[in-house]
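J.: This is the structure I have questions about; it appears just below.
The values are calculated or read from the model by the stated rules, or taken from the named source; none is laboratory data. In this text the structure is predicted, and so the values were computed from the model without any measurement. Positions of Cβ are backbone-derived with ideal geometry, glycine not excepted, and every protein chain shown enters the neighbour counts. These accessible areas exclude ligands, DNA and RNA; they are computed on the full protein's heavy atoms, side chains included. Shrake-Rupley method; radii C 1.70, N 1.55, O 1.52, S 1.80 Å.
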Amino acid sequence: MKITDKNIQKIKTVDASLETVWLKWTTHAGLKTFFGLDNKIELTPGGPYEIYFLLDQPVGRKGGEGNRVLSFVPNQMLSFTWNAPPQIPEIRNQKYRTWVVVNYRQISQERTEVTLNHLGWPEGEKWDETFDYFQRAWGIVMDSLAESCSR
């Protein structure tokens, strides 16, 4: 499997403190404010970083299942593995996972810049389809984050 240099990058400045944004990405309650309907997160290397979108589906088809925290630096960076959506089973059912790195930068007391990079994309038509899916999906997630910060 050849890994390409393809990268999805989304940058968003949100109206919230650095600490608030960090907690949104790294806690059960925080994630529920903008990302998925439920989740299982354990902020430790190797801990689960699962986001559930389809609660009525059987295990394995609920969303971001089986993903893991790779690393983190509090209030600076979070990285985790990521899988393909259930509608692309050829990719979802592989053991290989791409990874997401989220960086946080305080602009002011109540403004934070969030940069998301989704990396580790192999070559292949179905991988390209998955890349295109997440090119759209991460934009929606970042917009949802911004909206949750302005409430």
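J.: Taking 0.36 nm per intervening residue step and subtracting the Cα-Cα distance, what contour gain separates Leu23 from Ile3 on full extension?
T.: Stretched out fully, the Leu23 to Ile3 stretch lengthens by 4.0 nm.
J.: Within straight cross-link reach of Lys62, meaning Cα distance under 16 Å, which aspartates and glutamates are found once same-chain residues fewer than 8 apart are removed?
T.: Answer for Lys62, where 16 Å is the Cα cut-off: Asp38, Glu50, listed by chain and number.
J.: Now for a separate question. Give a residue-ordered list of calculated ³J(HN,Hα) values for the stretch 50-61 (Karplus: 6.51 cos²θ - 1.76 cosθ + 1.60, θ = phi - 60°; whole Hz; x for Gly, Pro).
T.: 10, 10, 10, 10, 10, 5, 7, 8, x, 3, x, 10
J.: Under 16 Å Cα-Cα from Lys12, which lysines qualify once same-chain neighbours fewer than 8 residues away are excluded?
T.: Lys24
J.: Among Pro45, Met1, Pro58, pick out the residue whose Cα is farthest towards the positive end of the charge dipole of the stretch 1-117, where Lys and Arg carry +1 and Asp and Glu carry -1 on C-beta, about the Cα centre.
T.: Checked the options; the winner is Met1.
J.: Which angle between 0 and 90 degrees, to the nearest 10, do you get for helix 125-149 versus the longest principal axis of the chain when only C-alpha atoms count?
T.: In the chain, helix 125-149 runs at an angle near 20 degrees to the longest axis.
J.: Could you give me the percent of Cα pairs per 5 Å distance bin for the stretch 87-151, shortest bin first, beginning at zero and ending with the bin that holds the maximum distance?
T.: Result, from short to long distances: 4, 13, 22, 21, 14, 11, 8, 5, 2 percent.
J.: Continuing with this model, one more query. Give me the accessible area per residue for the stretch 11-151, probe 1.4 Å, as a whole number in Å². Write down the numbers at each step before the final one.
T.: Values: 6880 Å² over 141 residues.
Per-residue value: 49 Å².
J.: By a straight-distance test (C-alpha under 16 Å), which aspartates and glutamates pair with Lys10 as possible cross-link partners, with residues fewer than eight away in the same chain excluded?
T.: Reachable aspartates and glutamates: Glu113, Asp132, Asp143, Glu147.
J.: Next question, about the same structure. Of Ser71, Ser108, Ser79, which has the largest mean-square fluctuation in a 10 Å C-alpha GNM of the chain?
T.: Most flexible of the set in this elastic network: Ser108.
J.: Of Gln106, Pro122, Pro89, which is farthest along the charge dipole of the stretch 83-136 in the positive direction, counting Lys and Arg as +1 and Asp and Glu as -1 at C-beta?
T.: My answer, from the dipole projection, is Gln106.
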